[in-house]
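First up is the structure itself, then whatever we jot down about it.
Quick note: the coordinates plus some simple rules give every number you see, no bench work behind them. Owing to the predicted nature of the structure, the values given are computational and were not obtained by experimental measurement. Don't worry about glycine lacking a Cβ; one is built from the backbone with ideal geometry, like all the others, and counts go over all protein chains shown.
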Amino acid sequence: MQVLKAHYKDEFHDTDIEILNDGSEMYFILDGFQFCSSTDISDFEYESEEHSDKIENKFNVIEFHGDMLYKSGKRIPMYFYTLQRYALDVEIPVNVVRKSDTAEFTATLYISFHLVENNSHGVMRESKKVYYDKTIVRNFSLCVDGKRYDSEKNTLDFEIALSDICRKMKQDYYIKSCFTCQYSEYSPYGQNDFGSMMCYRECKESYLKTNNYFRYLVDNENFTYRQETFLCSEYDLRKNKGYRGFT
């Protein structure tokens, strides 16, 4: 379990928090409520089996009903509360290798953003239109070995932001994580901002031989979803360009 340092702020709170990251989901607890996210670092939700007035008195949230939960043979509706109007600063450790001597460092990704009111591009929820906040990115940078590399893309999409950082540091360093591993790839049909890299380490030989990733994706379901910053013992730096064109 990875513990991420973070600072959370909204009209009710201004406090340091710890975000727990198990490689698939991130979550933190504040005022007795546990907020979870698996696919977007700015999309934290509280889930409950019953409606909660208390959370609406302590946080800015959007409530909606989700899938039914089966418990003891009964169908129980689930309630989801999506956090809105808050700011978050978070630090994510990531391994980086210096090319000149292959020395390996633990670098830090610094990510800062805040959510602001949005009155356009609403979505339908339970027969009514709701407006999720707009995300404003203040910082997405990597600090390693006394140097700082900033993404200029103003996005929380890790593929876009990390690609920008990798381009800037490619003469001196490379990130050692799922993002640069030759056994991982994004779906050609699209992905979420964070945590939806498809790892093919269990079938690496057939994966590396394919010359049609679209066809391979249809025929092969032997993959697991991983976060871009995840690192395992089978890491191998991407040697083939792939459709992402990392190298």
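In table form, for the structure just shown:
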item	result
Estimated FRET transfer efficiency (Lys168, Cys232; beta-carbon r; R0 22 Å; 0.05)	0.25
All aspartates and glutamates inside 17 Å of Lys129 as judged from Cα atoms, apart from same-chain residues fewer than 8 positions distant	Glu63, Glu117
Which of Ile111, Ile62, Ile29, Ile165 has the fewest Cβ neighbours within 10 Å, and the rest in rising order	Ile29, Ile62, Ile165, Ile111
Dimensionless Rg ratio for the stretch 90-188, taking C-alpha atoms and the 2.2 N^0.38 Å reference	1.36
Modelled label reach - Glu91, point 7 Å along Cα→Cβ, the stretch 4-27 residues with backbone N closer than 16 Å	4-8, 15-21
Listed pairs Lys9/Lys54; Lys134/Lys170; Lys99/Lys176; Lys5/Lys168; Lys170/Lys204 exceeding 22 Å between Cα atoms	Lys134/Lys170; Lys5/Lys168; Lys170/Lys204
Förster radius 22 Å - calculated FRET efficiency between Thr39 and Met78, Cβ distance, rounded to 0.05	0.80
